[in-house]
Amino acid sequence: DSGVTQTPKHLITATGQRVTLRCSPRSGDLSVYWYQQSLDQGLQFLIQYYNGEERAKGNILERFSAQQFPDLHSELNLSSLELGDSALYFCASSVATASLTGELFFGEGSRLTVL
Amino acid sequence: GDSVTQMEGPVTLSEEAFLTINCTYTATGYPSLFWYVQYPGEGLQLLLKATKADDKGSNKGFEATYRKETTSFHLEKGSVQVSDSAVYFCALGLRDTGRRALTFGSGTRLQVQP
């Protein structure tokens, strides 16, 4: 158990809909990262928050947004969903800057299926 | 941009066979290198890391050496077990404060048969 909790574990929805994925980081971790894992594109970095502030953006679509709340949990909002958004969405956390320490703690992921 | 290239899988081996999973990288800075492992139904977890050239990371019988001259970080294990069946990801991280997330390769699935 990594200590990172993601909900829901599975989600099935239709094209055009909006969903929210939730992540609770490990106790004491200030950084939260969102990654998308799909069969054809591997593990893609979406966005990072540190102590409530956005710190880095990766390949995140404009239809997607995220935020980190004062209690450090984070939500990833996906809107106007398309079939291609079907993927496994991972949240990871770290104490500070992951690239310096390498230690990212991953949740078990939220599997999104868009029909 | 920064990138990590891994050998395509799946890699299928018999128990006790020798494992090599190739990983090469491209980076504009001086990266730290990592191997993560994802067991079925679980998230990724750090397997080993190396932060400078010629460093060797090791854990659970797995090893990888940071080779700056060949920009490589190949994962090896002398004798694999069925329990090693998983997806292995090579990753890099840069100390540049503007790029804080790890960049992952596409993953290599390892299947070990009894």
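Of note:
- Number of residues in the stretch A:2-31 that are within 15 Å of the chain's Cα centre (by Cα), modelled with pLDDT of 95 or more and outside any loop (DSSP other than H, G, I, E, B) equals 11.
- Screening A:Gly52 on (1) at pLDDT 95 or above; (2) more than 24 Å from B:Gly1 (Cα to Cα) shows it passes everything except condition (1).
- Qualifying residue in the stretch B:71-79 (condition: more than 10 Å from the chain's Cα centre (by Cα), surrounded by fewer than 20 Cβ atoms within 10 Å (Cβ to Cβ) and either within 12 Å of chain A (Cβ to nearest Cβ) or aliphatic (A, V, I, L, M) (or both)): no
- Residue in the stretch B:12-19 that is buried (at least 19 other Cβ atoms within 10 Å of the Cβ) and either of a type in the set (Val, Ile, Thr) or in contact with a Phe, Trp or Tyr (Cβ under 7 Å, 6 or more places away or on another chain) (or both) present: no
- Criterion: within 9 Å of chain A (Cβ to nearest Cβ), more than 30 Å from A:Thr7 (Cβ to Cβ) and either in contact with a Leu (Cβ under 7 Å, 6 or more places away or on another chain) or not in a strand (DSSP E or B) (or both) - qualifying residue of B:Leu33, B:Leu13: B:Leu33
- Residue count for the stretch A:59-98 satisfying the condition of being within 12 Å of A:Asp29 (Cβ to Cβ) and of a type in the set (Val, Ile, Thr): 2.
- Unique match (being basic (Lys, Arg), surrounded by fewer than 20 Cβ atoms within 10 Å (Cβ to Cβ) and over 25 Å from A:Gly107 (Cβ atoms)) among B:Arg109, B:Arg67: B:Arg67
The values are calculated or read from the model by the stated rules, or taken from the named source; none is laboratory data. Source: prediction; values computed, not measured. Please note: Cβ atoms are built from the backbone with ideal geometry, for glycine as well, and neighbour counts cover all protein chains shown.
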